[in-house]
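Inspection log for the structure reproduced underneath, given as structure tokens.
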Amino acid sequence: MQICTKNEQINASLMGAARVVPHQVGLIKLSKTQLKVLQSIMPGEKVTAEQIAERCELSSSWASTLLKTVWERGYLVRGGHIRINGGLEFVYSLV
């Protein structure tokens, strides 16, 4: 998956689609922090919010929120498992 991080030319078809439904663009556009989180995950790797928090120097709760948002936008796959001490921990990987 290639992510535009520089001032690259945007595909004309994508621009046309964005003009038709401008209210939907926010659902796919990622913030700089969300891009930083996404780029910190290696292909084939499974990560938790705690790992991303450490890598990106974020709080665990903020990393969790960012991962969930990026997952909701379709950039990540999410699975979960129950922790030994209780609770559910989500694990994310690239699509």
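Each reported figure results from applying straightforward, stated rules to the coordinates on display, with no laboratory input. Note that the structure is a prediction, hence the values are computed from the model and not measured. Here the Cβ is made from the backbone with ideal geometry for all residues, glycine too, and neighbour counts use every protein chain on show.
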**Request:** Under 11 Å from the Cβ of Gln39, count the other residues' Cβ atoms, weight Lys and Arg +1, Asp and Glu -1, and hand me the total.
**Result:** +3
**Request:** Name the long-range amide H neighbours of Ser40: under 5 Å, sequence gap of 5 or more, or other chain; modelled H, no Pro or chain starts.
**Result:** none
**Message:** Residue by residue through the range 65-82, what is 3J(HN,Hα) from phi via Karplus (6.51 cos²θ - 1.76 cosθ + 1.60, θ = phi - 60°)? Round to whole Hz and write x for glycine and proline.
**Reply:** 5, 5, 4, 4, 5, 5, 5, 4, 8, x, 8, 10, 9, 10, x, x, 8, 7
**Prompt:** How large is ³J(HN,Hα) for each residue in the range 42-56, as worked out from phi by the Karplus curve 6.51 cos²θ - 1.76 cosθ + 1.60 (θ = phi - 60°), to whole Hz, x for Gly and Pro?
**Reply:** 7, x, x, 8, 10, 10, 10, 4, 5, 5, 5, 4, 5, 5, 9
**Prompt:** For Phe90, what is the net charge nearby, where nearby means another residue's Cβ is under 15 Å from its Cβ and Lys, Arg count +1, Asp, Glu -1?
**Reply:** 0
